[in-house]
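The values are calculated or read from the model by the stated rules, or taken from the named source; none is laboratory data. None of the values given here were measured: they were computed from a predicted structure. Cβ placement follows ideal geometry from the backbone for every residue including glycine, while neighbour counts extend to all protein chains displayed.
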Amino acid sequence: MKASELRIGNWVCDIYQEEEFQLDIVDMCDMDINGDLYRVDPIPLTEEWLLKFCVRQDVKNFLFKVLDGYNWVEERNGEYLWFINRFNFHLKAPLKYVHQLQNLYFALTGEELTFKSE
């Protein structure tokens, strides 16, 4: 996995200990000469992960508060898609991994995606 895909705070899986953790600055220093993080794999995006992050679930959509409106993630044919529909602008971005969801959310809001309050 390329370190350039990741940011501090992204959730990944340690391939040796098989446990999920959030990257910190020390982890980002564990790159080999090719820029790979040698001990982490991406975490596949699942309904369980979406439920941890989304503001609420509406039928089959997972809603996320973005600025003054909502964007949503929807499953279609086994793939998760992020939808933006504002001011006649439509965007559909495929998501496979938790870190991609985190990075897209940060790009749209300038804020870290955190677990929702219970």
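You will find that of 48, 75, the residue that is within 17 Å of the chain's Cα centre (by Cα) and in a helix (DSSP H, G or I) is 48 and no other.
Exactly one residue among 82, 72 is closer than 16 Å to residue 94 by Cβ, in contact with a Pro (Cβ under 9 Å, 6 or more places away or on another chain) and surrounded by 15 or more Cβ atoms within 10 Å (Cβ to Cβ), and that residue is 82. Residues of the stretch 78-118 that are among the aliphatic types (A, V, I, L, M) and outside any helix (DSSP H, G or I): 81, 84, 91, 93, 95, 113. Residues in the stretch 8-18 that are of a type outside the set (Gly, Ala, Ser) and modelled with pLDDT of 90 or more were compared, and the one that is farthest from residue 41 (Cα to Cα) is 10.
Can you tell me which residue in the stretch 28-54 is surrounded by the most Cβ atoms within 10 Å (Cβ to Cβ), limited to those that are modelled with pLDDT under 70 and touching a helix residue (DSSP H, G or I) at 6+ places or on another chain (Cβ under 9 Å)? Working first, answer last.
Of the residues in the stretch 28-54, the ones modelled with pLDDT under 70 are 28-38.
Next cut, touching a helix residue (DSSP H, G or I) at 6+ places or on another chain (Cβ under 9 Å) only: 28, 30-31, 35-37.
Working: 28: 14, 30: 13, 31: 14, 35: 11, 36: 14, 37: 21.
Among them, the one singled out is 37.
Output the residue which, of all residues in the stretch 55-81 that are of a type in the set (Val, Ile, Thr) and under 16 Å from residue 100 (Cβ atoms), is modelled with the lowest pLDDT. Quick ask: steps written out before the conclusion?
Just the residues of the stretch 55-81 that are of a type in the set (Val, Ile, Thr), to begin with: 55, 59, 66, 73.
If we keep only those that are under 16 Å from residue 100 (Cβ atoms) as well, we get 66, 73.
Numbers: 66: 85, 73: 91.
The extreme case among them is 66.
Among the residues of the stretch 60-111, those identified as out of contact with any strand residue (DSSP E or B) (no Cβ under 9 Å at 6 or more places or on another chain) and polar (S, T, N, Q) are 77, 88, 103.
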